[in-house]
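Quick notes on the structure that follows.
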Amino acid sequence: MSVRRAMDEVAAQLDAGSSTRPAGTFASIPLPDDFDPTLLLESPRTAGVIASYERPDHDVTLVGVGEADRVELATGESPVAARDGVRRILGEPVPSEAALLRPRLLGGFRFAPRDHPEAPWTEFGAGRLVLPRILFVRERGQAGAVLAPGVDVTELQSVLEQLDVRQRSNGAVEQVNSGVGTVRPVDEDAWRHSVRVIADEIRDGQYEKAVLATSTEVADDADLSIGAALGQLRANYPDCHILSFSANGSTLISASPELLVNRAGGRVHALGLAASQRRGETVEEDDALSRALLADAKSRVEHEVVVRSIVEQLEGATTDLQADPEPNVRRFRNIQHLATEVIGNAAEGIEVLDLVERLHPTPAVCGRPREVAREVIARHERFDRGWYAGPIGWLDGSGDGEFAVALRTALVRGSRAWLFAGNGIMADSDPEAELAEVTLKLRPLAEAFGGLVGSKTSAIPA
């Protein structure tokens with residue numbers, strides 16, 4: 001058992017006196033290569049998990065336990081405002097050696113940082129980056145833990161011992177909820193009306209695109225199982241970014257298909273992801289739908305708007321920037337999108353927070369022109385997006401990091417969850433087709449809570 005081996009390895013280091021280190025420094029503790037940090041996510045509340053970031057198909061997992069320090073933004077502050085706080089915690093930027101066990105902060109930012117948070121997002125604020133007391137890492141077939149300054153190795157040992165006890169007692173995995181029902185369904189009439197109005201305004205030449213989001217609220221008699229939901233998302237969407245972040249009793253979870261930006265050793269990678277189509281029931285139908293998506297004029301224009309914006313925003317911060325000349329189709333469990341890779345090198349002094357600030361929000365989650373689209377969203381959406389469609393991810397002390405766009409998102413508090421999804425509206429958008437698409441996008445989180453899709457009380461039709 002990997003947990004038992006991890007306990008033995010940590011105990012051996014304690015016996016060797018390796019827990020002694022200078023005050024104010026981080027500690028890196030190797031763990032057996034087969035140690036899986038997602039075990040802590042089977043019952044995240046019990047384990048004290050505050051944040052996690054996974055890319056299952058890349059064998060990348062970050063799980064933060066406990067909070068040692070944080071950087072918190074005030075309303076109106078944008079991601080780069082966190083830079084001084086990041087340096088206070090991690091030190092001045094240094095060249096990255098891509099070390100597995102390096103200190104990292106995990107966190108995210110609001111979609112609209114200039115707006116004051118409203119329920120249910122009041123606990124999350126404008127943005128927050130946290131330093132875990134213990135950061136468990138798995139990457140490139142290796143595993144380990146990073147201890148924050150002042151955290152003793154015995155605390156790591158205690159976390160592993162508790163995990164071992166839960167595993168041996170079969171108490172680690174939270175049960176999937178079975179009685180989830182809809183408290184507040186999607187307002188379909190309002191959605192259709194907004195799609196018609198926005199499409200008319202685009203045809204009139206007022207703007208190019210606006211992204212309209214909607215939400216629904218579900219509940220159960222008992223607390224919703226975050227661990228079970230994360231496990232379902234990990235199993236069903238291994239090619240997505242599986243995210244969680246907790247704040248004062250509320251937890252965001254997400255299975256996002258969209259990378260906002262990655263900076264690794266000076267190399268910059270962004271992804272243009274826009275335009276959608278359902279998956280087919282057979283291989284032949286699936287291939288036909290993919291071809292139709294690639295050939296659809298509306299989808300190609302919507303996608304081109306997103307890619308063009310990404311390139312424009314990155315040009316002043318990168319060199320040798322290149323975008324794929326043609327999009328490809330990226331398939332997920334229940335949906336497929338047009339995707340274009342954008343790659344370049346970071347210009348001198350450009351860190352991941354600079355890139356996040358330039359790119360967010362992309363036309364894929366806001367629209368174009370950006371400020372006009374923000375106004376359109378404010379007119380039509382009667383809820384606070386909060387961190388939905390905002391950047392969420394991690395960064396280190398070298399200026400490297402990775403942020404995804406928090407799509408396919410739910411905010412969980414006790415027995416209730418608020419689910420969010422949205423569509424890009426263009427000049428020829430059809431209200432019924434857009435309703436079907438946004439319903440499809442709500443399904444991953446609905447399914448993750450169990451007993452929802454297809455139920456009589458469900459807002460998410462099967």
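Laid out as a table, the results:
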| read-out | value |
| --- | --- |
| Strands (runs of 3 or more DSSP E) contained entirely in the range 219-301, each with at least 1 residues that are charged (D, E, K, R) | 259-264, 267-278 |
| Which listed residue, of ASN345, ASN328, is in contact (Cβ under 8 Å) with a residue 40 or more places away in the chain and surrounded by fewer than 17 Cβ atoms within 10 Å (Cβ to Cβ) | ASN345 |
| Matching entry among GLU217, GLU201 (being surrounded by fewer than 19 Cβ atoms within 10 Å (Cβ to Cβ), farther than 30 Å from VAL305 by Cβ and in contact with a Phe, Trp or Tyr (Cβ under 8 Å, 6 or more places away or on another chain)) | GLU217 |
| Those residues of the range 366-391 which are within 22 Å of the chain's Cα centre (by Cα) and outside any helix (DSSP H, G or I), in sequence order | CYS366, GLY367, GLU381, PHE383, ASP384, ARG385, GLY386, TRP387, TYR388, ALA389, GLY390, PRO391 |
| Given (1) at pLDDT below 95; (2) assigned to a strand (DSSP E or B); (3) of a type in the set (Val, Ile, Thr), number of the condition THR20 does not satisfy | (2) |
| Tally, over the range 133-155, of residues that are surrounded by fewer than 20 Cβ atoms within 10 Å (Cβ to Cβ) and in a strand (DSSP E or B) | 2 |
| Residue satisfying condition, being outside any helix (DSSP H, G or I), modelled with pLDDT under 95 and outside the structural domain of LEU105 (by TED's automatic domain parsing), within set VAL211, VAL186 | VAL186 |
| Unmet criterion (only one of (1) surrounded by 20 or more Cβ atoms within 10 Å (Cβ to Cβ); (2) assigned to a loop (DSSP other than H, G, I, E, B); (3) not basic (Lys, Arg)) for ASP428 | (1) |
| Of residues in the range 43-93 being hydroxyl-bearing (Ser, Thr, Tyr) and part of a strand (DSSP E or B), the one surrounded by the fewest Cβ atoms within 10 Å (Cβ to Cβ) | THR61 |
| Cβ-Cβ under 8 Å pairs, at least 6 apart or on other chains, the range 350-376 side in the same structural domain as ARG267 (by TED's automatic domain parsing) and farther than 19 Å from ALA404 by Cβ, far side among the polar types (S, T, N, Q) and assigned to a loop (DSSP other than H, G, I, E, B) | VAL372/GLN206 |
| Meets criteria (within 21 Å of HIS337 (Cβ to Cβ) and in a strand (DSSP E or B)) for ALA410 | yes |
| Filter result for ASP115 (at pLDDT below 95 and either surrounded by 22 or more Cβ atoms within 10 Å (Cβ to Cβ) or under 26 Å from the mean Cα position of the chain (by Cα) (or both)) | yes |
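The values are calculated or read from the model by the stated rules, or taken from the named source; none is laboratory data. Keep in mind that what you see is a predicted model, and the values were worked out from it rather than measured. FYI the Cβ positions are ideal-geometry reconstructions off the backbone, even for glycines, and counts take in every protein chain you see.
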